[in-house]
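J.: Can you read through this structure? Questions will come right after.
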Amino acid sequence: MKILSIESSCDETAAAVVEDGREVLSNVVSTQIEKHKIFGGVVPEIASRLHTENISWVVSKALQDASCTLEDIEAIAVTNEPGLIGALLVGVNYAKGLAFSADKPLVPVHHLRSHIAANYITHKDLKPPFMCLVVSGGNTLICKVNDYTDFEIIGKTRDDAAGEAMDKAARTLGIPYPGGVNLDKIAKNGDANKYKFPHPKVDGSPYDFSFSGLKTSVINLCHNAEQKGEELNAADVGASFINAVVDSLIEKTTLAMNNYNEKTLVLAGGVSANSVLRERIKNEAEKHGWKLYLPDLSLCGDNGAMVGAQGYFEYINGSLADLSLNGRATADITEPNS
Ligand code: KG4
């Protein structure tokens, strides 16, 4: 069963054709990075406009690359939440128009569910249940994936997401957008023990994260150095900062894995591309005897294929939408489209 999928939640306009939730027949991503670079981050209005300009050819190319026409497509899946609302609406309205005109079912997909589903493409043997650490630009959470469409949140960030903190640290250090990716590269040459950053705990919620204090401490470190006329080594600061973020991610995930007696761990989201996180979580999994699944690097960032993968399982589950489907800037992974 072939699903045409559309993604426009942030700064990538993407579409794909995916067969039976696991086989990618095409995957077209038009990135807006160059356009946002000069502003140091994503400008929502510019993102929406660029999605509008690009969505038509991106979808056509996805069909073409898969050697398909709309006739061959069983359903149209689209990311409708969470994300930048103007950006989401471009994809949602395009998908609605296509579903109406071609008389195809419309399948709404939660963005974080699709990040997790990137693993079903990478690992054909992966099936729920499993524990998942989702680390993206806008969200950070630990959840139990009981089934393909059944999620339970174990812990989440109380403030900033890990990706957001990485981006902010990079910006403070004068590292160009996209911050997280470039910080990862620069930090490879740094001393991860040079600076001690705080390791925040959330009282009474052992599985919850907090990254805003960490973000503030890197800003303070940079400003203090600037005031004293001292030059900081960006590689050392970056490496120490990444180390502190990864410490926190691993600490809470390990606690959740142990207390819930889970043996399978899956990583998902843009920050799962981070080299330190990948390396350290592999070591942790080995130490505890967990089976670990990491998404292929090409599927860590936003893409249409992961939407097609999750869209397949939502479709099988009967989670369809009519033409009143809307976008939502925020939405819980456990209760999509409510
Ligand atoms: O999951 P994603 O594509 O966006 C959302 O769905 O929110 O994640 C984007 C985030 C950005 O904050 C970006 O800086 C971060 O993932 N990121 C990384 C790396 N690659 C992307 N952070 C650290 N190291 C990386 N290699």
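J.: What is the P(r) of the chain, as percent of Cα-Cα pairs per 20 Å bin from 0?
T.: In whole percents, the pair-distance histogram is 33, 56, 11, 0.
J.: Any idea what the relative contact order of segment 1-129 is, in percent, if you count C-alpha pairs under 8 Å spaced at least 6 apart?
T.: Details: 235 pairs, mean separation 37.3, N = 129.
Relative contact order, segment 1-129: 29 percent.
J.: Express in nm, to one decimal, how much length is gained between E19 and I250 on full extension, taking 0.36 nm for each residue of separation and deducting their alpha carbon distance.
T.: Values: separation 231, 0.36 × 231 = 83.16 nm, distance 3.39 nm.
Taking E19 through I250 to full extension adds about 79.8 nm, to one decimal.
J.: Of K127/K194; K96/K124; K185/K228; K96/K263, which pairs sit farther than 32 Å apart, going by alpha carbon to alpha carbon? Present the calculation step by step, with values, prior to reporting the outcome.
T.: Numbers: K127/K194 41 Å; K96/K124 30 Å; K185/K228 27 Å; K96/K263 40 Å.
Correct reply: K127/K194; K96/K263.
J.: Please report, largest first and rounded to whole Å, the three semi-axes of the ellipsoid equivalent to segment 61-111, where each semi-axis is the square root of five times an eigenvalue of the C-alpha gyration tensor. Could you put the intermediate results ahead of the total?
T.: Details: eigenvalues 86, 28, 18 Å².
They are 21, 12, 10 Å, listed largest first.
J.: Still on this structure, I have one more. For segment 128-295, just the Cα atoms, rotate onto the principal axes and tell me the three extents in Å, largest first.
T.: 54, 31, 26
J.: Hey, another quick one. So if each residue of separation counts as 0.36 nm, and I subtract the Cα-Cα distance between D203 and A329, what length gain in nm does that give?
T.: Working: separation 126, 0.36 × 126 = 45.36 nm, distance 2.79 nm.
Taking 0.36 nm per residue and subtracting the Cα distance, the gain is 42.6 nm.
J.: Still on this structure: Over segment 200-326, what is the mean sequence separation of C-alpha contacts under 8 Å (at least six apart), divided by residue count, expressed as relative contact order in percent?
T.: 19
J.: Under a 10 Å cutoff between Cα atoms, tell me which one of S60, S324, S272 has the largest fluctuation in the Gaussian network model of the chain.
T.: S324
J.: Sum -39500 (n - 2.57) across every DSSP H segment of at least 4 residues in the chain, then divide by the residue count to get the 222 nm mean residue ellipticity, nearest 500.
T.: So the calculated ellipticity at 222 nm is -14000 deg cm²/dmol.
J.: Between E53 and R158, what FRET efficiency follows from the Cβ-Cβ distance if R0 is 35 Å, with the result rounded to 0.05?
T.: Details: r = 37 Å, r/R0 = 1.06.
Between E53 and R158 the formula returns 0.40.
J.: In the full protein assembly as shown, how much of D125 is accessible to a 1.4 Å probe, in Å² to the nearest 10?
T.: We get 80 Å² for D125.
J.: Oh, and also: Between N261 and L297, what length comes free when the chain is fully extended (0.36 nm per residue of separation minus the Cα-Cα distance, one decimal in nm)? Intermediate results must be reported in sequence, preceding the final value.
T.: Working: separation 36, 0.36 × 36 = 12.96 nm, distance 2.81 nm.
Stretched out fully, the N261 to L297 stretch lengthens by 10.2 nm.
J.: I would also like to ask the following. Once both labels are modelled 7 Å past Cα along the beta-carbon direction, what's the V276-E34 spacing in nm?
T.: The answer from the label model is 3.1 nm.
J.: Let me test this: with uniform point scatterers at the alpha carbons of segment 1-135, what is the Debye-based log₁₀ I(q)/I(0) at q = 0.11, 0.15 1/Å?
T.: Log-scaled intensity ratios, in q order: -0.39, -0.72.
J.: Of P206, V43, P295, which is farthest along the charge dipole of the chain in the positive direction, counting Lys and Arg as +1 and Asp and Glu as -1 at C-beta?
T.: Ranked along the dipole, the leading option is P206.
J.: Using only Cα atoms, what is the ratio of the radius of gyration of segment 9-89 to 2.2 N^0.38 Å? Don't jump to the answer; show the numbers that get you there.
T.: Details: Rg = 13.7 Å, N = 81, 2.2 N^0.38 = 11.7 Å.
Rounded to two decimals, the normalised Rg is 1.17.
J.: Let me ask something else about it. Segment 85-126 to segment 216-246: how many Å between their Cα centroids?
T.: 39
J.: Got the relative contact order for the chain handy, in percent, Cα pairs under 8 Å and 6 or more residues apart?
T.: Details: 762 pairs, mean separation 86.2, N = 338.
Worked out over the chain, it gives 25 percent.
The values are calculated or read from the model by the stated rules, or taken from the named source; none is laboratory data. These figures come from a predicted structure and were not determined experimentally. Glycine gets a Cβ as well: all are built from the backbone with ideal geometry, and neighbour counts include every protein chain shown. Note: accessible area is taken over every heavy atom of the protein model, side chains too, but ligands, DNA and RNA are not part of it. Shrake-Rupley method; radii C 1.70, N 1.55, O 1.52, S 1.80 Å.
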